[in-house]
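The values are calculated or read from the model by the stated rules, or taken from the named source; none is laboratory data. Since this is a predicted model, take the numbers as computed values, not measurements. With ideal geometry, Cβ positions are generated from the backbone for all residues, glycine too; neighbour counts draw on all protein chains shown. Note: accessible area is taken over every heavy atom of the protein model, side chains too, but ligands, DNA and RNA are not part of it. Shrake-Rupley method; radii C 1.70, N 1.55, O 1.52, S 1.80 Å.
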Amino acid sequence: MTATARATPEHRLTLHRARSAAYVGDLETASALLAELDPGGDGPHPGEPGADAFDLRARVRAQRGEYGAADEDWARVLALRPGDPDAVAGRATLARLAAGRRVRPVYTPARAVALLAAALLVASTTAVVWVGTDRGEATGDPAAAGLRREVATLRAERDARAAAEARQREAGAAAAARHRERLTAVASAFAGLPGVRVEQRSADVRLVFTSGVFASSTELTPAAGPVLAAVGRRLRTLEVVTTVVGHTVAVPGGRTSGGSVVGYGRAQVAARELAVASGRPLAQFALVSAEQSEGPFPDARRNRTVTILLRPE
């Protein structure tokens, strides 16, 4: 009785699964499955893995950088199949690496053996999988037929994941494009408005008043009221979340973080002006105080102001 005939169906199926895992690059699963092949193997003695299992494990170990263990497995292959060309080639490569010689000048020794092992694994796995599959279809070998189905399932799952990821990327790109278009529309609504600088950013549109809005504390300058009213009128037709940010002038020796009561009060005053002009309830305006050091201008006079953040709903 041949070694292959002595192998149990469970042994052959586990070996097929290990090949499938290695074929798709899952070395951890392949190693775990190969570790299960001790009982019922196809070696010359009961309880031993056969040459195919040792050969596959040698390739997996070589890819994982376990060169000593890979060499031992290829030695076992040669003990079971004297002169096996893949085992001879694998051991020769490992011997050259151990001697400190590069397999190819452009790669490090570790990279060279990994590439060789990967190439041998893919070539061997492809041949075993598909030749074995064809033979299984011709002879009715249930293990080979099961492998064909398993490989087909793995490929279908891989293709399905790739298609789902592509759809997600397309949906994300489409959503980002729509968001940019809405931001552009919001920015365009305020383009050319005197006294206002429009800044389109990645998440929102910021309106910065080019002159100081407050004369002192929370008292509006004479020019600020009409500008705020003009902004409010343009808000009427826009579906945006509006945040009014109050700014203050940093005082030498004073706080430079945590916001301030004055900043929040300025946001309240400006929001009331915007609510009246836009016809929107005051409660629809979010109010915050900026850090004292986060004024939009380098000079103190213009930093007695507010900025307005507009985010499409």
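For region 296-313, list residues with backbone N below 15 Å from a point placed 7 Å from the Cα of residue 201 toward its Cβ? Flagged as within label range: 296-297, 306-312. Phi angles across region 266-272 convert, under the Karplus curve 6.51 cos²θ - 1.76 cosθ + 1.60 with θ = phi - 60°, into 3J(HN,Hα) values of 5, 4, 4, 4, 5, 4, 4 Hz, Gly and Pro given as x.
In this simple spin-label approximation, residue 32 and residue 300 carry label points 7 Å from Cα along the Cα→Cβ vector, and these lie 6.8 nm apart. Sequence-ordered 3J(HN,Hα) estimates for region 196-202 from the Karplus curve with 6.51, -1.76 and 1.60 and θ = phi - 60° stand at 10, 9, 9, 10, 8, 10, 5 Hz, glycine and proline given as x.
Shape analysis of region 214-313 based on the Cα gyration tensor places the equivalent ellipsoid semi-axes at 24, 14, 11 Å, largest first.
Across every direction, the projection of the convex hull enclosing the Cα atoms of region 168-262 has a mean area of 8.4 nm².
If R0 equals 25 Å, the separation of the Cβ atoms of residue 177 and residue 210 corresponds to a calculated FRET efficiency of about 0.20.
Protein heavy-atom surface of region 154-313, 1.4 angstrom probe: 54% of the accessible area is carbon and sulfur, with nucleic acids and ligands not counted.
Working from label points 7 Å from Cα in the Cα-to-Cβ sense, the residue 229 to residue 286 distance is 2.9 nm.
The separation of region 272-305 from region 210-227, counted between C-alpha centres, amounts to 11 Å.
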